[in-house]
Amino acid sequence: MYFPAYRPRRLRKNSIVRELVAETKLSVDDFIYPMFVMPGKNKRVQVNSMPGIYKQTIDNLIKEIREVKKLGIKAILLFGIPSHKDELGSEGYDKDGIIQRAVREIKKKNKDVIVITDVCMCEYTSHGHCGIIKDGDVDNDETLAHLAHMSLTHAEAGADIVAPSDMMDGRVGVIREELDENGFENVAIMSYSAKYASAFYGPFREAAESPPQFGDRRTYQMDPPNVREAIREVELDIKEGADIVMVKPALPYLDVLRAAREEFDHPVAAYQVSGEYSMVKAAGKLGWIDEELVMMETLVSIKRAGADLILTYFAKDAAKILNR
Ligand code: PBG
């Protein structure tokens with residue numbers, strides 16, 4: 001059927017009809033809100049390049065979690081800023097480290113919030129790399145035991161899901177084994193499976209105080225031109241026991257997200273990263289774009305491309321709009 005018999009504009013004539021035929025709908029249920037926690041009491045510092053996003057102490061974090069829950073957001077992703085960094089990132093697997101304490105405190109009164117912890121060494125190491133350094137590069141196999149141990153301490157503290165973001169080969173398998181051996185077979189793994197070596201992480205590294213002190217992350221994070229390799233990465237993680245797989249960043253990698261969605265049945269998450277957030281915020285502030293509309297358009301695009309879950313710093317802002 002062609003024009004004039006068929007007129008696609010008929011189903012666009014007003015917002016009610018448009019909603020009726022919308023193929024994709026955003027839902028607060030899919031959002032995961034990333035949060036930064038730091039040691040101390042009653043402190044709250046806005047991240048310079050991420051307006052509206054804070055590094056805060058546990059007491060204030062818990063206050064914000066109450067707000068997050070009221071908005072209908074069901075899950076948070078936690079990043080820790082330790083009081084002290086060293087070569088081995090030892091606060092990362094200290095049972096009284098910042099993340100472990102934060103998770104215990106959150107879970108005391110908020111059993112209904114899904115707590116996901118980022119498992120990676122870069123926030124805790126003095127050199128800012130995601131693993132143990134040997135001969136000037138991150139040593140894959142030495143790093144694995146540390147990641148497994150870190151995951152176990154998160155599970156012991158009460159994390160529902162651990163999310164390894166380091167991109168070491170074989171980490172999902174060793175983490176699964178460590179959790180299972182210690183009775184945490186119900187703690188899930190959301191793996192940063194296709195995580196690219198991206199300049200879009202810049203603002204996050206300011207927030208987490210974690211830029212690499214030498215070199216970059218290109219020997220472990222994925223090379224931006226590759227999509228078939230991303231499928232191999234996702235496949236490995238699923239075989240090793242990942243429950244949810246992730247593509248990161250989101251908007252510049254929607255083709256990767258779509259490919260992962262079509263290839264696998266597992267839930268696929270997309271991480272709209274710090275730089276994606278900052279760009280929209282900055283242009284919005286300058287009055288160059290309509291921040292709210294662009295935000296919602298990016299999120300629905302991520303969903304349309306195939307994301308089941310969306311990790312986004314916009315979770316609260318978008319929830320407010322969806323709840324209107
Ligand atoms: C830790 C980690 C990073 C992000 C999530 N976990 C930074 C990095 O790999 O350099 C980035 C998140 C963001 O930019 O919002 N490895």
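Here are some notes:
- When residues in region 137-163 are screened for being in contact with a Lys or Arg (Cβ under 7 Å, 6 or more places away or on another chain) and of a type in the set (Val, Ile, Thr), 1 of them pass.
- Members of region 165-187 found to be in contact with a helix residue (DSSP H, G or I) (Cβ under 8 Å, 6 or more places away or on another chain), on the phi < 0 side of the Ramachandran plot and more than 16 Å from the ligand (Cβ to nearest atom), listed by number: Gly173, Val174, Arg176, Glu177, Glu178, Leu179, Asn182, Phe184, Glu185, Val187
- Check on Gln221, more than 25 Å from Gly89 (Cα to Cα), open to solvent by less than 70 Å² (accessible area, probe 1.4 Å) and within 12 Å of the ligand (Cβ to nearest atom): no
- Matching residues, region 23-58, being assigned to a strand (DSSP E or B) and either more than 23 Å from Ile99 (Cα to Cα) or under 20 Å from the mean Cα position of the chain (by Cα) (or both): Phe31, Ile32, Tyr33, Pro34, Met35, Phe36, Val37, Gln46, Tyr54, Lys55, Gln56
- Taking the criterion of being assigned to a loop (DSSP other than H, G, I, E, B), within 14 Å of the ligand (Cβ to nearest atom) and open to solvent by less than 50 Å² (accessible area, probe 1.4 Å), the residues of region 224-251 that qualify are Pro249, Ala250.
- Selection within region 14-48 - within 16 Å of the ligand (Cβ to nearest atom), open to solvent by 40 Å² or more (accessible area, probe 1.4 Å) and touching a residue at least 24 places away in the same chain (Cβ under 8 Å): Asn48
The values are calculated or read from the model by the stated rules, or taken from the named source; none is laboratory data. No experiment lies behind these values; they were computed from the predicted model shown. Note that each Cβ is placed from the backbone with ideal geometry, even for glycine, and that neighbours are counted across all protein chains shown. Only protein heavy atoms, including side chains, enter the accessible area calculation; ligands, DNA and RNA are left aside. Shrake-Rupley method; radii C 1.70, N 1.55, O 1.52, S 1.80 Å.
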